[in-house]
1. In whole Hz, with x marking every Gly and Pro, tabulate ³J(HN,Hα) for the range 15-27 from phi via Karplus 6.51 cos²θ - 1.76 cosθ + 1.60, θ = phi - 60°.
2. If you count, for each residue, the other Cβ atoms within 10 Å and average over each peptide, how do 30-39, 53-62 line up from highest to lowest?
3. Tell me, what HN-Hα J-couplings in whole Hz come from the Karplus equation 6.51 cos²θ - 1.76 cosθ + 1.60 at θ = phi - 60° for each residue of the range 39-45, using x for Gly and Pro?
4. Return the sequence-ordered ³J(HN,Hα) values of the range 63-72 in whole Hz as given by the Karplus equation 6.51 cos²θ - 1.76 cosθ + 1.60 applied to θ = phi - 60°, using x for Gly and Pro.
5. Excluding Phe25 itself, what net charge comes from residues whose Cβ is under 14 Å from its Cβ, given Lys and Arg +1 and Asp and Glu -1?
Amino acid sequence: MRKSGRRISSSQNRQREMTVAITLFFVVATDFFCWFPIGVMGVLAKCGVRIPDDVYAWVMVFVLPMNAAINPFLYTATAIWRKRRKVPTTMMIPKDPPADKHHR
């Protein structure tokens, strides 16, 4: 019993760790895609390429706030996904249905 209890606990911990890893993967991926253009613009500017001020403005006004807005949705979506996985998908049907009073 101890071994099976450890296996269950271990598999539950593994599942929880995987869920956290998936959440963090999506957060890091969206952060990367939002900050990558800024990094590219910085490298290009350092190499002497002139980047118009409008491009900086668009990135600062739209890309960075979008990144900040996406992260809470990612956490919420994974929390909902995690909760749905815990709820059993099969309906519990009693083995012996209650006897009908009218039929004997």
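Derivation of every value follows stated rules applied to the coordinates shown; laboratory data play no part. Keep in mind the model is a prediction, meaning the values are calculated, not measured. Neighbour counts run over all protein chains shown; Cβ positions are idealised from the backbone, glycine included.
1. Couplings: 4, 5, 5, 5, 5, 5, 5, 5, 4, 5, 4, 5, 5 Hz.
2. For the peptides 30-39, 53-62, the packing ranking is 30-39, 53-62.
3. Ordered by residue, 3J(HN,Hα) equals x, 4, 4, x, 5, 4, 5 Hz.
4. 6, 5, x, 5, 4, 5, 7, 6, 4, x
5. Cβ neighbours under 14 Å give a net charge of -2.
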